[in-house]
Amino acid sequence: MAVNLLLGLQWGDEGKGKIVDVLTQEYDIIARFQGGPNAGHTLEFNGIKHVLHTIPSGIFHESAINIVGNGVVIDPIIFKKEIEALKKFDIDLKKRLLISRKAHLILPTHRLLDAASETSKGKAKIGSTLKGIGPTYMDKTGRNGLRVGDIELDDFKERYRNLTDKHEEMISHYNVEIQYNLAELEAEFFEAIEVLKSLQFIDSEEYIHQAIRNNKKILAEGAQGSLLDIDFGTYPFVTSSNTTAAGACTGLGVAPTQIGDVLGIFKAYTTRVGSGPFPTELFDETGETMGRVGKEFGATTGRKRRCGWLDLVALRYAVQINGVTQLMMMKADVLSGFDTLKVCTAYLYKGREIKHLPYNIEEQNVTPIYTEMKGWAQDLTTIKDHNKLPQELLNYIDFLEKELEVPITLVSVGPDRTQTIHRK
Ligand code: GDP
Ligand code: IMO
Ligand code: MG
């Protein structure tokens with residue numbers, strides 16, 4: 001049985017959490033493959049709104065096993081808080097939540113390094129979530145990191161000490177003032193390590209291989225979005241992992257030949273949180289309206305998300321890099337009420353019209369070229385049937401499918417599980 005992938009095609013926050021939750025009933029295993037607590041995946045059902053950061057979004061379904069893969073970076077302190085927030089749901093986490101021994105640990109000093117790095121960049125800062133993601137992946141590729149499996153070793157504390165000492169030395173080299181009380185941070189860290197230890201650690205690549213052999217259905221859950229990918233995103237304004245399809249192979253130990261469907265999630269418009277180029281960004285009333293109606297505030301940091309029209313140049317790029325086989329369009333309801341919708345279909349780049357994403361997409365290099373479409377006034381949030389969607393929205397969907405050459409198999413019309421319309 002193949003492994004299906006679900007990933008974000010824009011700058012994150014496309015609605016991945018909601019769709020993983022909606023689809024989990026079709027799967028035996030949900031496995032997160034990269035990122036860490038920089039992610040905030042929101043789920044809504046039965047009047048409950050829940051935000052997950054590290055724990056996969058299939059956790060509310062009794063039938064599914066949830067795996068935190070080797071490509072993920074775990075902050076035990078945030079993980080402990082996530083577990084505590086799940087207590088009231090009475091989920092058997094010992095059975096249903098499995099952690100890869102090869103996942104790397106975010107130490108308190110990784111967070112301090114993140115803060116030092118961002119502060120030292122001044123105006124050029126990335127707009128990081130300050131969860132220690134960059135420094136932790138740097139230690140991973142620099143071959144200095146600590147992994148979940150190391151917790152089981154007798155000399156874990158010694159390894160921790162060595163790395164932390166090194167980090168403190170590094171922090172002192174940044175020319176910035178970072179206030180911290182390491183003793184307090186460490187006490188919290190080691191308390192959280194005990195909670196982590198209460199869960200099952202596994203050799204996840206072996207577990208997943210056996211599951212594939214046993215015909216289990218597996219969905220790999222991505223974090224962030226393709227335009228935040230370390231290789232293919234808007235570097236340096238990106239995260240530090242491969243958020244694209246290849247990241248699922250390295251982040252779970254799944255071979256490319258074992259990948260089946262690639263489900264690409266996108267918003268009917270575009271948002272971005274943090275710094276970096278965003279060609280279709282709106283600075284006017286229209287952008288404000290999208291943000292207000294779409295409640296565009298970060299699920300992890302609470303920061304206001306920047307909003308703009310749908311960018312098909314960027315979306316086409318993401319579809320290609322990931323080999324998307326099905327598209328899922330989120331937040332269509334947020335576009336209700338605009339007389340005219342704009343879709344960017346090409347860029348004006350050095351005086352010429354181009355349809356691919358060039359190396360530089362800063363404002364001074366590209367100007368979006370828009371196609372205008374008629375909008376719709378109806379509220380979509382109670383519509384259950386595809387045939388009841390307004391004709392203007394069906395035209396919008398039709399246009400996107402033609403431009404992107406991939407079918408849109410799901411349209412989301414609200415944050416709740418039930419506000420989901422499947423298309424053939
Ligand atoms: P993720 O990081 O990709 O899981 O997305 P986030 O949870 O960060 O952000 C998506 C936000 O949009 C959340 O607040 C969701 O509850 C909400 N949401 C998801 N789908 C829809 C939708 O179709 N319509 C509306 N209005 N909100 C949605
Ligand atoms: P989910 O999974 C949106 C952004 C940050 C910043 C950049 C680098 O919820 O879609 P980092 O903390 O990784 O060093 O930040 O990436 N970013 C996200 N934006 N959604 C996310 O995750 C994000 N994770 C990181 O805002 O611009
Ligand atoms: Mg999010």
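Taking the range 145-156 on its own, how many of its residues are open to solvent by 40 Å² or more (accessible area, probe 1.4 Å) and farther than 12 Å from Leu107 by Cα?
4
Condition check ((1) surrounded by fewer than 23 Cβ atoms within 10 Å (Cβ to Cβ); (2) within 13 Å of ligand 1 (Cβ to nearest atom); (3) charged (D, E, K, R); (4) at pLDDT below 95) across all residues:
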| position | (1), (2), (3), (4) |
| --- | --- |
| Leu7 | no, yes, no, no |
| Gln10 | no, yes, no, no |
| Asp13 | no, yes, yes, no |
| Ile19 | no, yes, no, no |
| Asn38 | no, yes, no, no |
| Thr42 | yes, yes, no, no |
| His50 | yes, yes, no, no |
| Gly58 | no, yes, no, no |
| Ser63 | yes, no, no, yes |
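Going by the conditions given, is Val313 away from ligand 2 (no atom under 16 Å from the Cβ), buried (at least 22 other Cβ atoms within 10 Å of the Cβ) and in contact (Cβ under 8 Å) with a residue 60 or more places away in the chain?
No; evaluated as a whole, the condition is false for this residue.
Quick one: count up the residues across the range 93-142 that are among the basic types (Lys, Arg), over 30 Å from Lys304 (Cβ atoms) and not in a helix (DSSP H, G or I).
2
In the range 201-215, what residues are over 15 Å from Asp28 (Cα atoms) and either at pLDDT below 95 or of a type in the set (A, V, I, L, M) (or both)?
Ile202
Those residues that are assigned to a loop (DSSP other than H, G, I, E, B), in contact with a strand residue (DSSP E or B) (Cβ under 9 Å, 6 or more places away or on another chain) and over 21 Å from Leu404 (Cβ atoms), I need them from the range 284-316; list them, please.
Gly294, Glu296, Gly298, Ala299, Thr300, Arg303, Arg305, listed by residue number.
Could you grab the pairs with beta carbons closer than 7 Å, sequence gap of 6+ or different chains, first residue in the range 4-25 and over 13 Å from Pro56 (Cα atoms), second one part of a helix (DSSP H, G or I) and within 13 Å of ligand 3 (Cβ to nearest atom)?
Hits for this filter: Gly8/Lys16; Trp11/Leu228; Gly12/Leu228.
So which of Lys102, Lys125 ends up being of a type in the set (Lys, Arg), closer than 17 Å to Arg32 by Cα and either away from ligand 1 (no atom under 16 Å from the Cβ) or at pLDDT 95 or above (or both)?
So the residue among Lys102, Lys125 that is of a type in the set (Lys, Arg), closer than 17 Å to Arg32 by Cα and either away from ligand 1 (no atom under 16 Å from the Cβ) or at pLDDT 95 or above (or both) is Lys102.
What single numbered condition from (1) within 16 Å of ligand 3 (Cβ to nearest atom); (2) at pLDDT 95 or above fails to hold for Phe283?
Only one criterion in (1) within 16 Å of ligand 3 (Cβ to nearest atom); (2) at pLDDT 95 or above is unmet by Phe283, namely (1).
Would you mind finding the one in Thr325, Thr340, Thr301, Thr345 that is surrounded by fewer than 16 Cβ atoms within 10 Å (Cβ to Cβ) and not assigned by the TED database to the domain that holds Asn242?
None of the other options fit; the residue is Thr340.
Report whether or not Gln224 is touching a strand residue (DSSP E or B) at 6+ places or on another chain (Cβ under 8 Å) and within 16 Å of ligand 3 (Cβ to nearest atom).
So Gln224 fits the description; yes.
Pick from the range 65-87 the residues that are in contact with a Pro (Cβ under 7 Å, 6 or more places away or on another chain) and over 13 Å from Glu221 (Cα atoms): which of them is most open to solvent (accessible area, probe 1.4 Å)?
The qualifying residue most open to solvent (accessible area, probe 1.4 Å) is Ile78.
Quick check on Thr234: is it buried (at least 18 other Cβ atoms within 10 Å of the Cβ), under 28 Å from Thr24 (Cα atoms) and either assigned by the TED database to the domain that holds Gln34 or touching a residue at least 12 places away in the same chain (Cβ under 8 Å) (or both)?
Judged against the criteria, Thr234 is not a match.
Restrict the check to the range 265-275 and report whether at least one residue is within 18 Å of Glu363 (Cβ to Cβ), outside the structural domain of Thr136 (by the TED database), of a type in the set (Ser, Thr, Tyr) and surrounded by fewer than 22 Cβ atoms within 10 Å (Cβ to Cβ).
There is at least one residue in the range 265-275 that is within 18 Å of Glu363 (Cβ to Cβ), outside the structural domain of Thr136 (by the TED database), of a type in the set (Ser, Thr, Tyr) and surrounded by fewer than 22 Cβ atoms within 10 Å (Cβ to Cβ).
Looking at (1) exposed (fewer than 13 other Cβ atoms within 10 Å of the Cβ); (2) at pLDDT below 95, find the lone condition where Val176 falls short.
(1)
Being buried (at least 24 other Cβ atoms within 10 Å of the Cβ) and more than 19 Å from Gly40 (Cα to Cα) narrows it down to one of Ile208, Ile212, so name that one.
On inspection, the qualifying residue turns out to be Ile208.
Does Asp114 fit the bill of being outside the structural domain of Tyr174 (by the TED database) and either within 16 Å of the chain's Cα centre (by Cα) or open to solvent by 10 Å² or more (accessible area, probe 1.4 Å) (or both)?
no
The values are calculated or read from the model by the stated rules, or taken from the named source; none is laboratory data. Treat the numbers as computed from the prediction; the structure is a model and nothing was measured. All Cβ positions, even for glycine, are placed from backbone atoms using ideal geometry, and neighbour counts span all protein chains on display. All accessible areas refer to the heavy atoms of the entire protein, side chains included, with ligands and DNA or RNA removed. Shrake-Rupley method; radii C 1.70, N 1.55, O 1.52, S 1.80 Å.
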